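In what follows, a structure is listed as structure tokens, so that the remarks can point back to it.
No value in this document is a laboratory result; all are computed from the given coordinates. In this text the structure is predicted, and so the values were computed from the model without any measurement. No Cβ is skipped: glycine too gets one built from the backbone with ideal geometry, and neighbour counts run over all protein chains shown.
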Amino acid sequence: MAVELQRIHHVAYRCIDAKETVEFYQRVLNMDFVLAIAEDKVPSTKEPDPYMHLFMDAGGGNILAFFELPNSPAMGRDENTPQWVQHIAFEVKDMAALLEAKELAEAEGLDVIGPTNHGIFKSIYFFDPNGHRLELAANTRTAEQMKELHDVAPLMLEEWSRTKKAPRHAAWLHEID
């Protein structure tokens, strides 16, 4: 018997301040604050460690969750991983929505990078109050492009595994201006 996943139930990150985090995601990304769970003990380990667990509606049945952990050491990040690697990417309807989101984020005083053209989508980047990098992406792809990328993915992975150099099968993605 194989596991049959339905979807991601939620993805959880740590936050510095629960209230500030909820307000940021409501204001900047128009997310609904779905629910909060707070306990003095961790349910799975029974460890005494008070926490606030927040659930935000990211659209399409997707939930983005956060934990505020006041008794834990200060929040940090993996210093061995470049800041651009770990991020949360959200899809927006189209380019007009992406540009509108950029204006809103800039009006909040956020430093926004982009739009960046990834060949099959364009995206903008900025950071939330916790230091999590966020990406908003608008698809620009065609069915033919997606089929081509799907078809070459195994070849690219095999070449990467042998050489640790970027295969050129899909170089066209970033050669488009």
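Run the numbers on region 37-177 and let me know its relative contact order in percent, using alpha-carbon pairs under 8 Å that are six or more apart. Don't skip to the end; give the middle numbers.
Working: 176 pairs, mean separation 22.8, N = 141.
Relative contact order of region 37-177: 16 percent.
Going by amide H atoms built from the backbone, whose H comes under 5 Å of the H on D49, apart from near neighbours?
Here the answer is K41, V42, since their amide H atoms fall under 5 Å of that of D49.
Can I get the semi-axes of the chain's equivalent ellipsoid? Compute them from the C-alpha gyration tensor as square roots of 5 times the eigenvalues, in angstrom, largest first.
Working: eigenvalues 211, 98, 57 Å².
After scaling each eigenvalue by five and taking roots: 32, 22, 17 Å.
In sequence order, what are the phi-derived ³J(HN,Hα) couplings for region 118-123 according to the Karplus relation 6.51 cos²θ - 1.76 cosθ + 1.60 with θ = phi - 60°, rounded to whole Hz, with x for glycine and proline?
Listing the rounded values in order: 9, x, 10, 7, 10, 8 Hz.
What spacing in nm lies between the two simple spin-label points modelled at L173 and K19, each 7 Å away from Cα in the Cβ direction?
If labels sit at L173 and K19, their model points lie 4.2 nm apart.
Determine the distance separating the Cα centre of region 1-29 from the Cα centre of region 83-101; give it in Å without decimals.
Centre-to-centre distance over Cα atoms comes out at 16 Å.
For T45 and V85 in the same chain, what is the full-extension length gain: residue separation times 0.36 nm, less their Cα-Cα distance, in nm? Write out the running numbers ahead of the final one.
Values: separation 40, 0.36 × 40 = 14.40 nm, distance 3.05 nm.
Stretched fully, the T45-V85 segment lengthens by 11.3 nm.
Whole-Hz Karplus ³J(HN,Hα) for region 43-57, in order, using 6.51 cos²θ - 1.76 cosθ + 1.60 and θ = phi - 60°, x for Gly and Pro?
Those phi angles translate into x, 7, 10, 6, 5, x, 6, x, 8, 10, 10, 10, 10, 10, 7 Hz.
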